[in-house]
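Participant: Submitted below is the structure of interest, expressed as structure tokens.
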């Protein structure tokens, strides 16, 4: 039986290597989790590093406020 579009998307999503920019646990650093390819792309430019720094700042603030999820903006414009 063929997979539906949503099932294919979920399968691709789970195969991605997700990590923090430093490679350490988010609970220790307060950094965002994102696909490794996205982090590499962001780290390669000055604007990307700034965007990553802003996202980490928002994530740390939300975590400090006791929230599990933060709208940090790294995934804006992505189909979900």
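No value in this document is a laboratory result; all are computed from the given coordinates. Note that this is a predicted model, so its numbers are computed, not measured. All Cβ positions, glycine included, derive from the backbone under ideal geometry; neighbour counts span all protein chains shown.
Participant: Name every residue in region 26-80 that is touching a strand residue (DSSP E or B) at 6+ places or on another chain (Cβ under 7 Å) and either part of a helix (DSSP H, G or I) or surrounded by fewer than 10 Cβ atoms within 10 Å (Cβ to Cβ) (or both), in order of residue number.
Facilitator: Residues satisfying the conditions are 36, 39.
Participant: So, in region 15-25, how many residues would count as being surrounded by fewer than 11 Cβ atoms within 10 Å (Cβ to Cβ) and either under 18 Å from residue 75 (Cβ atoms) or touching a strand residue (DSSP E or B) at 6+ places or on another chain (Cβ under 8 Å) (or both)?
Facilitator: Total satisfying the criteria: 2.
Participant: State the number of residues belonging to region 43-57 that are under 18 Å from residue 18 (Cβ atoms) and touching a residue at least 12 places away in the same chain (Cβ under 8 Å).
Facilitator: 5
Participant: Within region 2-14, does at least one residue satisfy the condition of being in contact with a helix residue (DSSP H, G or I) (Cβ under 8 Å, 6 or more places away or on another chain) and surrounded by 15 or more Cβ atoms within 10 Å (Cβ to Cβ)?
Facilitator: no
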